[in-house]
Amino acid sequence: MGSVTRREFITTLGIAAGGGALAFAPDLAVKAFNAAWGEDWVEVPNGPETWVTSLCRQCPGGCGIRVRMIGNRPTKIEGNPFHPVNRGKLCPKGQSGLLSLNDPDRIQGPLLRVGERGARKWREITWEEAIKLTVTKLQEIRAKGVPQALAIMDGDTGSLTKTLWKRFFHQFGSPNYINIHSGLDHGTVNAYHLMHGTESDVVYDMALANYIVSFGSDFLQSSWSPVQTMSAFGYMRRGKETRGKLIQVESRYSTTAAKADVWLPINPGTEGVLALGMAHFIIREGLFDKEFVEKHTFGFEDWRDSSGAGHQGYKTLVLQHYPPTVVSNITGVPVESISRVAKEFATQGPALAIGTRGDIYQQMAIHALNALVGNIDRAGGILTIKNAPNLDLPEPAIDATAQRGLQLKSLAQPGNGRFPLAASSLENFTEGVLQGKPYNLSVLFFHNCNPLFTCDQVKDFSQAIAMIPFTVSFSPYMDETALYADLILPDHTPLEKWQSDVTYTLQGYPVVGIGKPIVPPRGNTRNTADVVIELAKGIGSPFAKAFAWKDSQEALSDTMKRLYEMNKGDIFAPEKDEALLRELVRRGWRAPGYKNFAEFWQGMQEKGGWWNPAYNTEEWDRVFETPSRKFEFYSQTLKAQLAKRGMPENASQQALKSSGLDEKGDLLFLPHWEPEINTPTGDDKNYPFHLKILQPLVFAGSLHANDPYLQDISSMYVKEKWSVWVEISPYEAERLGIENGDWVWVESTANKMRCRAKLTPGAMPQVVNVPLGLGHKALGRWAKGIGENAARLLTHNTEPFTGELLMNKTMVRVYKA
């Protein structure tokens, strides 16, 4: 053992990690390490150095990591060089994983509430007591024949645990497995489904694109897979002969805008209109890919159905309604800029149009540009994930009680024409619980999510939770939702457990990563995957038969055996071998680096996972599963979805109209501008500013605010940290008598919050920008009471098809505090 000062060790660690807060905040880091390991920890081991692979799981990005061990102590985390998602690179959240492991505010073992909910009064109990109590509650539900009275809210969970939870709820007979997301960047999934007809995931092949127009997506800051996205962007810019060009269309000068060739400021919520204006120019000038449009699209030209009735096509719609002058008036983007970007997009391909969440018509308008230039399922374009492995294991037949429960709809499933494209809705769940319709809940689990922090309608949601007799949190931290639970069964952190993650690369390759425990648990916590197995066994026959594994390691091994038996792909390989492996797979050859399952399983643990590095482009039957088997400008898939909900078409239209949609006929199925959905409502004289919510990389997810290093680099752009801020135009600030650094109130009709004003020319006039992720009332010492929660400012306006919150409809006023 060698001895060094705490400051020397931490500063060295920061330099090794590439700087960041570890290097330029050593005083803060010393305090953090003191809290985590104790004042007496000054010894640094000099034992043998080893590297152990695992999974990051600090976000849904799917990165692999390797951990430097000196003796039995983990001392550094970096990217796994074999993992195809991140190839040795890692974002700040991943590098701070040791802080999550050693967080002094982690819950150390099972806790049972003994006071009022939220009173912070707990009694430590054993795991045996906790499991018995939970099993008893579940057995009571089954004995009453109401399995639907159990529900779970599950966040962005690793594949092994998610698979076990889904299996558990299927065997139990509850339709209430509810998946919720914690980030802003969900992409244009609805548009892909409606225009491609497939449920498969899609990706942007950014690395090989020559021209990208990003419509409001701050992908260099809040991507679902930040390391992979940044690497692809870097290759597009500097890794190939033709340097790619980026146009950022956004109402804020974001991180992505700062890295772009051109920032096009735009009126909030009008990004899809700009896409329609670009389409007008491309079609009018004859610059679209005529061969692709003719062979592989439906609804471009006017058309007649089988009854002879005529229908308007995309071309007619765009040329009649979206000339650049009209589009300029709506978006605030000059006509010259619209024409220039449209021409470059059509002539400097392969070109990508990248969108973000919002109403489905704007999503469709943006994605239609990719079809217009023929850049779908081609290198540098939109790719559809191929051969994603199905790792669900066979399970025994469910009993009659489970069959009856699964015939009911989930409490979160909308009905009666409401949100017809939504698989689940938190709003629907809340109303169902409050009204006790169509049935009551008795037990609710929360896993890997914190809805009492992330939900915008927190008052109604809190009232709903109060009506549920028994709630269980699996959080390793005392977050806002765990604080109001009746029982806490704390999970391990990623470095303490067996886990897996099914993901994909931006080249369309499926990837299965696995992680194993690096260290023993720091406290009396348990892997939630093990707890699921224990609960199933505790309930007894026939339930236990579906969970015959000894523990999560054995369950993961069985899952990987299924992957092995598929006889596809291979264990991760060095980056230099990727081209050779792709060519072998393309030719149908395999030379796997193992002879049997034992070698496969061992290799998976050593290298970190499996992948299938092949993608054959232009497999149109796989890419387009629409009724026409083509890309659909006119979405027959949307028509079919409405019919699938069991409503006549006219009733569907009327239901949607009552939610803000005022278009009928063919426009219901075509990309277009829907002002009633996107125009803010309310008093624009007293609330003159559009509110734009931004998602700092370090706060994407629900737990990272309790990391002192991440707090210290929360805003590299306006140089603000450990506080919430509002970005405001210097012109508007001068008019309001506000100076840089002043404390101000940002107030909407829903709520108000106190922020520090940051004057920046990157804020458009009449737009103010506020970060999301701060303002916790619980979670830990580095999160509680730091800033305020921007979600509370949002007025509740939902997209009529999906039920997602429309982020661009909230108006605020700003004044000195």
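If I ask for residues that are small (G, A, S) and surrounded by 14 or more Cβ atoms within 10 Å (Cβ to Cβ), which ones from the stretch 111-141 would you list? Correct list: G118, A130. Going through the stretch 692-709 one residue at a time, which ones are within 27 Å of L806 (Cβ to Cβ), of a type in the set (S, T, N, Q) and buried (at least 24 other Cβ atoms within 10 Å of the Cβ)? Listed by number, the list holds a single entry, S702. With respect to the conditions (1) of a type in the set (K, R); (2) within 22 Å of T163 (Cα to Cα); (3) within 32 Å of the chain's Cα centre (by Cα), R586 falls short on a single one, namely (2).
Filter the stretch 336-348 for residues that are open to solvent by 50 Å² or more (accessible area, probe 1.4 Å), of a type in the set (V, I, T) and touching a strand residue (DSSP E or B) at 6+ places or on another chain (Cβ under 8 Å) and give the result.
Our first condition is that a residue be open to solvent by 50 Å² or more (accessible area, probe 1.4 Å); within the stretch 336-348, this holds for 336, 340, 343, 347-348.
Then keep just the ones that are of a type in the set (V, I, T); that gives 347.
Those that are open to solvent by 50 Å² or more (accessible area, probe 1.4 Å), of a type in the set (V, I, T) and touching a strand residue (DSSP E or B) at 6+ places or on another chain (Cβ under 8 Å): none in the stretch 336-348.
The helices (runs of 4 or more DSSP H) found wholly in the stretch 89-155 and carrying at least 1 residues that are more than 30 Å from Y235 (Cβ to Cβ) and in contact (Cβ under 8 Å) with a residue 12 or more places away in the chain occupy 97-101, 127-143.
Could you check the stretch 316-325 and list, in sequence order, the residues that are free of Cβ contacts under 8 Å to residues at least 60 places away in the same chain, open to solvent by 60 Å² or more (accessible area, probe 1.4 Å) and in contact with a helix residue (DSSP H, G or I) (Cβ under 9 Å, 6 or more places away or on another chain)? Before you say what the answer is, go through the steps one by one.
Step one: of the stretch 316-325, the residues free of Cβ contacts under 8 Å to residues at least 60 places away in the same chain are 316, 318-320, 323-325.
Narrowing further to those that are open to solvent by 60 Å² or more (accessible area, probe 1.4 Å): 319-320, 325.
Answer for the stretch 316-325, where residues must be free of Cβ contacts under 8 Å to residues at least 60 places away in the same chain, open to solvent by 60 Å² or more (accessible area, probe 1.4 Å) and in contact with a helix residue (DSSP H, G or I) (Cβ under 9 Å, 6 or more places away or on another chain): L319, T325.
Among the listed residues A778, A791, identify the single one that is within 25 Å of the chain's Cα centre (by Cα), among the hydrophobic types (A, V, I, L, M, F, W, C) and under 30 Å from L194 (Cβ atoms).
Details: A778 fails: under 30 Å from L194 (Cβ atoms).
On inspection, the qualifying residue turns out to be A791.
Do the conditions hold for A191, that is, is it in a helix (DSSP H, G or I), within 14 Å of H367 (Cβ to Cβ) and open to solvent by less than 10 Å² (accessible area, probe 1.4 Å)? For A191, the condition - in a helix (DSSP H, G or I), within 14 Å of H367 (Cβ to Cβ) and open to solvent by less than 10 Å² (accessible area, probe 1.4 Å) - is met.
Considering the conditions (1) touching a Gly at 6+ places or on another chain (Cβ under 8 Å); (2) closer than 25 Å to G780 by Cα; (3) modelled with pLDDT of 95 or more, Y634 is excluded by exactly one of them, (2).
Just one residue in the set K459, K409, K437 is assigned to a loop (DSSP other than H, G, I, E, B) and free of Cβ contacts under 8 Å to residues at least 24 places away in the same chain; that residue is K437. Does V333 fit the bill of being in a loop (DSSP other than H, G, I, E, B), at pLDDT 90 or above, crowded, with 19+ Cβ neighbours inside 10 Å and not basic (K, R)? For V333, the condition - in a loop (DSSP other than H, G, I, E, B), at pLDDT 90 or above, crowded, with 19+ Cβ neighbours inside 10 Å and not basic (K, R) - is met. Residues considered: I738, I693. Of these, the only one that is in a loop (DSSP other than H, G, I, E, B) and modelled with pLDDT of 90 or more is I738.
Looking only at residues in the stretch 710-725 that are open to solvent by less than 10 Å² (accessible area, probe 1.4 Å) and either in contact with a helix residue (DSSP H, G or I) (Cβ under 9 Å, 6 or more places away or on another chain) or assigned to a helix (DSSP H, G or I) (or both), which one is nearest to Q766 (Cα to Cα)? Break it down stepwise before answering.
Our first condition is that a residue be open to solvent by less than 10 Å² (accessible area, probe 1.4 Å); within the stretch 710-725, this holds for 710-711, 714, 724-725.
Still in the running and either in contact with a helix residue (DSSP H, G or I) (Cβ under 9 Å, 6 or more places away or on another chain) or assigned to a helix (DSSP H, G or I) (or both): 710-711, 714, 724.
Values: L710: 30, Q711: 28, S714: 24, V724: 20 Å.
Looking at the filtered set, the residue picked out is V724.
Summed over the stretch 406-457, the residues that are touching a helix residue (DSSP H, G or I) at 6+ places or on another chain (Cβ under 6 Å), of a type outside the set (F, W, Y) and surrounded by fewer than 17 Cβ atoms within 10 Å (Cβ to Cβ) give a count of 1.
Of the residues making up the stretch 550-557, one or more are assigned to a helix (DSSP H, G or I) and more than 28 Å from the chain's Cα centre (by Cα).
Can you tell me which residue is modelled with the highest pLDDT among those in the stretch 350-365 that are of a type in the set (V, I, T) and open to solvent by less than 10 Å² (accessible area, probe 1.4 Å)?
From the stretch 350-365, those of a type in the set (V, I, T) are 354, 356, 360; that's our starting set.
After this cut, where a residue has to be open to solvent by less than 10 Å² (accessible area, probe 1.4 Å) as well, the list is 354, 360.
On the way: I354: 94, I360: 89.
Looking at residues that are of a type in the set (V, I, T) and open to solvent by less than 10 Å² (accessible area, probe 1.4 Å), I get I354.
Of the candidates A209, A130, A151, A232, the single residue that is under 19 Å from the mean Cα position of the chain (by Cα) and aliphatic (A, V, I, L, M) is A232. With the condition kept exactly as written, say whether any residue in the stretch 151-161 is at pLDDT below 95 and either farther than 30 Å from M560 by Cβ or among the acidic types (D, E) (or both). Checked against the condition, which is being at pLDDT below 95 and either farther than 30 Å from M560 by Cβ or among the acidic types (D, E) (or both), the stretch 151-161 yields at least one hit.
The rows are residues; the columns are (1) under 17 Å from V512 (Cα atoms); (2) assigned to a helix (DSSP H, G or I); (3) among the polar types (S, T, N, Q).
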position	(1), (2), (3)
T559	yes, yes, yes
R562	yes, yes, no
K568	yes, no, no
A573	yes, no, no
K576	no, yes, no
L580	no, yes, no
L584	no, yes, no
K595	no, no, no
E599	yes, yes, no
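When K664 is tested against (1) exposed (fewer than 14 other Cβ atoms within 10 Å of the Cβ); (2) at pLDDT 75 or above; (3) closer than 25 Å to W303 by Cβ, exactly one condition is not met: (2).
Screening the stretch 738-796 for residues that are aromatic (F, W, Y) and surrounded by fewer than 20 Cβ atoms within 10 Å (Cβ to Cβ) and picking the one that is nearest to K692 (Cα to Cα) gives W745. Of all the numbered requirements in (1) out of contact with any helix residue (DSSP H, G or I) (no Cβ under 6 Å at 6 or more places or on another chain); (2) at pLDDT 95 or above; (3) under 29 Å from S628 (Cβ atoms), L383 misses one, and that requirement is (2). For the residues N808, N751, the requirement of being modelled with pLDDT under 90 and farther than 30 Å from N102 by Cβ singles out N808.
Matching residues to (1) touching a residue at least 24 places away in the same chain (Cβ under 8 Å); (2) open to solvent by 30 Å² or more (accessible area, probe 1.4 Å); (3) within 22 Å of L319 (Cβ to Cβ):
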position	(1), (2), (3)
E241	no, yes, no
K245	yes, yes, no
R252	yes, no, no
T256	yes, no, no
E271	yes, yes, yes
A275	yes, no, yes
F292	yes, no, yes
H296	yes, yes, yes
D302	no, yes, yes
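Filtering the stretch 142-154 to residues that are open to solvent by 10 Å² or more (accessible area, probe 1.4 Å) and within 19 Å of F446 (Cβ to Cβ) leaves only Q148.
Residue check: is Y731 without any contact (Cβ under 8 Å) to a residue 40 or more places away in the chain and open to solvent by 10 Å² or more (accessible area, probe 1.4 Å)? I'd like the intermediate steps shown before the answer.
Values: without any contact (Cβ under 8 Å) to a residue 40 or more places away in the chain: yes; open to solvent by 10 Å² or more (accessible area, probe 1.4 Å): yes.
Judged against the criteria, Y731 is a match.
Being small (G, A, S) and modelled with pLDDT of 95 or more narrows it down to one of A778, A757, A817, so name that one. Criteria check complete, one pass: A757. The set of residues in the stretch 498-523 being touching a Phe, Trp or Tyr at 6+ places or on another chain (Cβ under 7 Å), open to solvent by 40 Å² or more (accessible area, probe 1.4 Å) and not charged (D, E, K, R) consists of Q507, P517. Being farther than 19 Å from I366 by Cβ and either polar (S, T, N, Q) or surrounded by 16 or more Cβ atoms within 10 Å (Cβ to Cβ) (or both) holds for only one residue in S306, S328, and it is S306.
The values are calculated or read from the model by the stated rules, or taken from the named source; none is laboratory data. Computed from a predicted model, the values in this text were never measured in an experiment. Don't worry about glycine lacking a Cβ; one is built from the backbone with ideal geometry, like all the others, and counts go over all protein chains shown. Note: areas computed on protein heavy atoms with side chains; ligands, DNA, RNA excluded. Shrake-Rupley method; radii C 1.70, N 1.55, O 1.52, S 1.80 Å.
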